[in-house]
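Read through the structure below, which is laid out as structure tokens, and then see the notes.
The values are calculated or read from the model by the stated rules, or taken from the named source; none is laboratory data. What you see is a predicted model; the values in this text were computed from it and never measured. Using ideal geometry, Cβ is built from the backbone for each residue, glycine included, and neighbour counts are taken over all protein chains shown. We work out accessible area using only protein heavy atoms, side chains counted, and drop any ligands, DNA or RNA first. Shrake-Rupley method; radii C 1.70, N 1.55, O 1.52, S 1.80 Å.
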Amino acid sequence: MRHHFGAILSCGLVFASVLAAGQQPTLKDAYNGCFVVGAALNPAQFTGRDAKEAAIIKAQFNAISPENVLKWEVIHPQPNSYNFGPADQYVDFGQQNHMFILGHTLVWHSQTPKWVFQDDKGNPVSRKVLLKRMQDHIKTVVGRYKGRINSWDVVNEVVDEDGTLRQSPWMKIIGPDYIEKAFEYAHKADPKAQLNYNDYNLENEAKRKGALQLVRKLKAKGVPITGVGLQDHVSLDWPTADQLNTTIDEFGKLGVKVMITELDVDVLPSPFQDPTADVSVKVASNPKYNPYPNGLPETVQQQITNRWAELFRIYSSHCGLVTRVTLWGVSDKDSWKNNWPIRGRTNYPLLFDRESEPKPAVKAVIEAAPKKPS
Ligand code: G3I
């Protein structure tokens, strides 16, 4: 059964009471009882330097993810040197505002310094050495935020498009069990934290099948995985409602929670045949791929609004199974989508515009929340 009646009732009641009080409902209130609504933050936001967006985040969201400050290259740039300052500020911001706090990410093929995989001479390290480095990193970082970071993306983007395990340095040096080891080390460092596998394009069948098989195996072995993150860097027409519903249902059947972890909606023409979120891919600049440098035509704005409402209707039809929907940023001005896969484009992927003002999609998403059954 997709709907969770209690959650819907609670959503509807909150929504109705906010309307009765004559206030503008917020994103987090509209989905209260269904899932938390989150945003990925940059340092300007969580230090308050971007005061306008800090205020939006406090008002609209009840979960936060660190867009970059907890990645290995930022927090652990040299073998014996950790840079905890920005991550400490991020966690403080979340605690002060009573938010659900994410840790992103512990083990990833990207944004991991070369030294991690190499010895002093630049040769690949042994399995034993790499496991020890991974264990030390996880123990140190998860341990520091024990009881404060609620949920970790333990492994990120470990499955390839064809459903096989990605041939990352982790995989090549340690072997496929690096994944279960990462979960075990994270669980040991904070036994109460939620522990997730996070990936993009899981709505595509081949990749989804591989990911389902991976999660099934981990669960069968008793590995402490609690959730799967669907990144959902989507476009206006991909993935379809069917792809989204099937993906959420199939992971749900394995007994893990599902989270939408990096939602944004790309409206620019893609230079690729297939969707991707692989940050290493870059394409040369070409004006035909940047059609809206001075603003969006009304028809496209309307398409975006409809798409956001559709996505939230789909996610909230899985209340209770989908526990969080996080947007990969707050306003269009800061989104990675302006610079990927082509640098310097004007993209419109988030709910707030370049002046950090709400787009029509904010109201549409709020109105798409489940109402009290009559
Ligand atoms: O902070 C440095 C700055 O000091 C330096 O001068 C500048 C020069 O390039 O770089 C700045 O760092 C950049 C960082 O974003 C902060 O802006 C990095 O180069 C750049 O690679 C980094 O991009 C991030 C990307 O992951 C790679 O880590 C994006 O902001 C971030 O949105 C993106 O997020 C990923 C998720 O973690 C995983 N899933 C896909 C998603 C989108 O690619």
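Restricting to the chain, compute how many DSSP beta bridges are antiparallel as a %, nearest 5.
Values: 4 of 40 bridges.
So the antiparallel bridges in the chain amount to around 10 percent.
Amide H neighbours of Asn201 under 5 Å, at least 5 residues apart or on other chains, H built in the peptide plane: list them.
Under 5 Å from the amide H of Asn201: Gln231, Asp232, His233.
Calculate the radius of gyration of the Cα atoms of the range 109-167 to one decimal place, then report Dmax, the largest Cα-Cα distance, as a whole number, both in Å.
Cα only, the range 109-167: 14.0, 39 Å (Rg, Dmax).
Filter the trypsin sites (Lys or Arg not before Pro) in the range 144-216 down to the DSSP loop ones having no more than 10 other Cβ atoms within 10 Å, then list what survives.
Passing both the DSSP loop test and the Cβ count: Lys192.
Pulled fully out, how much extra length does the chain show between Asp119 and Arg343, if you take 0.36 nm times their separation in residues and subtract their Cα-Cα distance? Please list the in-between numbers first.
Details: separation 224, 0.36 × 224 = 80.64 nm, distance 3.41 nm.
Extending this stretch completely gives an extra 77.2 nm.
Treat every Asp and Glu Cβ in the range 30-171 as -1 and every Lys and Arg Cβ as +1, leave all other atoms uncharged, and give the resulting dipole magnitude about the Cα centre to the nearest 20 debye.
500
Stick to the Cα atoms of the range 14-163, pair each with every other, and give me the Kirkwood hydrodynamic radius in Å at one decimal. Spell out each step's value before the answer.
Numbers: mean 1/r = 0.0577 Å⁻¹.
Its Kirkwood hydrodynamic radius stands at 17.3 Å.
Could you work out the Kirkwood radius for the range 279-342, taking every pair of different alpha carbons, averaging 1/r and inverting it, reported in Å? Mind dumping the intermediate values first?
Values: mean 1/r = 0.0687 Å⁻¹.
One decimal place: 14.5 Å for the Kirkwood radius.
Which net charge results for the neighbourhood of Asn198, defined as the other residues with beta-carbon distances under 9 angstrom from its beta-carbon, given Lys and Arg at +1 and Asp and Glu at -1?
-4
Can you give the local net charge around Ala63? Use residues other than it whose beta-carbon is closer than 9 angstrom to its beta-carbon, Lys and Arg +1, Asp and Glu -1.
Numbers: positive: Lys28, Arg324; negative: none.
That works out to +2.
State the volume of the convex hull built on the alpha-carbon positions of the chain, expressed per residue in Å³ and rounded to an integer. Display every interim value, and only then the final one.
On the way: hull volume 53.5 nm³, N = 374.
Normalising the Cα hull of the chain by residue number yields 143 Å³.
List every residue whose amide H lies under 5 Å from the amide H of Asp50, counting only residues 5 or more places away in sequence or on a different chain, with H placed 1.01 Å from N in the peptide plane.
So Asp50 has HN proximity to Gln45.
In what sequence, largest accessible area first, do Asp278, Asp162, Asp153, Asp119 appear using a 1.4 Å probe? Working shown, then result.
Numbers: Asp278 30, Asp162 100, Asp153 10, Asp119 60 Å².
Most to least solvent-accessible, the answer reads Asp162, Asp119, Asp278, Asp153.
Report, in debye and to the nearest 20, how large the dipole of the chain comes out about its Cα centre when Lys and Arg carry +1 and Asp and Glu carry -1 on their Cβ.
On the way: 44 positive and 40 negative charges, 205 e Å.
Value, rounded to 20: 980 debye.
When only C-alpha pairs under 8 Å and at least 6 residues apart count, what is the relative contact order of the chain, in percent? Please report the intermediate quantities before stating the final value.
On the way: 673 pairs, mean separation 73.5, N = 374.
About 20 percent, as a whole number.
Given the options Gly143, Val325, Trp336, identify the residue whose Cα lies farthest towards the positive end of the charge dipole of the chain (+1 on Cβ of Lys, Arg; -1 on Cβ of Asp, Glu).
Farthest towards the positive end: Gly143.
Quick check: convex hull over the Cα atoms of the range 243-374, volume per residue in Å³, rounded to an integer?
On the way: hull volume 17.6 nm³, N = 132.
Residue-normalised Cα hull volume stands at 134 Å³.
What net charge is computed for the residues neighbouring Thr47, neighbours being all others with C-beta under 15 Å from the C-beta of Thr47, Lys and Arg scored +1, Asp and Glu -1?
Details: positive: Arg49, Lys52, Lys58; negative: Asp50, Glu53, Glu67, Asp88, Asp92, Asp334.
Summing Lys/Arg as +1 and Asp/Glu as -1 gives -3.
Give me the orientation-averaged projected area of the Cα convex hull of the range 318-374, in nm², one decimal. Intermediate results must be reported in sequence, preceding the final value.
Numbers: hull surface 21.4 nm².
That works out to 5.3 nm².
List every residue whose amide H lies under 5 Å from the amide H of Leu195, counting only residues 5 or more places away in sequence or on a different chain, with H placed 1.01 Å from N in the peptide plane.
Trp152, Thr226, Gly227
Hey, any idea what Rg/Rh is for the range 192-281, computing Rh the Kirkwood way over Cα pairs?
Numbers: Rg = 13.7 Å, Rh = 13.8 Å.
Ratio of gyration radius to Kirkwood radius: 0.99.
Could you work out how much longer the chain between Ser126 and Asp160 gets when fully extended? Use 0.36 nm per residue separation minus the Cα distance between them, nm to one decimal. Working shown, then result.
Values: separation 34, 0.36 × 34 = 12.24 nm, distance 2.38 nm.
That works out to 9.9 nm of additional length.
Take the range 39-81, drop everything but the C-alpha atoms, weight them equally and run the Debye formula without solvent; then report log10 I(q)/I(0) at 0.20, 0.26, 0.32 Å⁻¹ to two decimals.
-0.64, -0.86, -1.08
Please report the relative contact order for the range 217-314, taking Cα pairs under 8 Å with a sequence separation of at least 6, and give it as a percent rounded to a whole number. Numbers along the way, then the final one.
Details: 73 pairs, mean separation 31.4, N = 98.
It comes to 32 percent, rounded to a whole number.
Sort 291-298, 226-233 for me by packing, meaning the mean count of neighbouring Cβ atoms within 10 Å per residue, highest on top.
On the way: 291-298: 11.5, 226-233: 23.8.
Result, highest mean Cβ count within 10 Å first: 226-233, 291-298.
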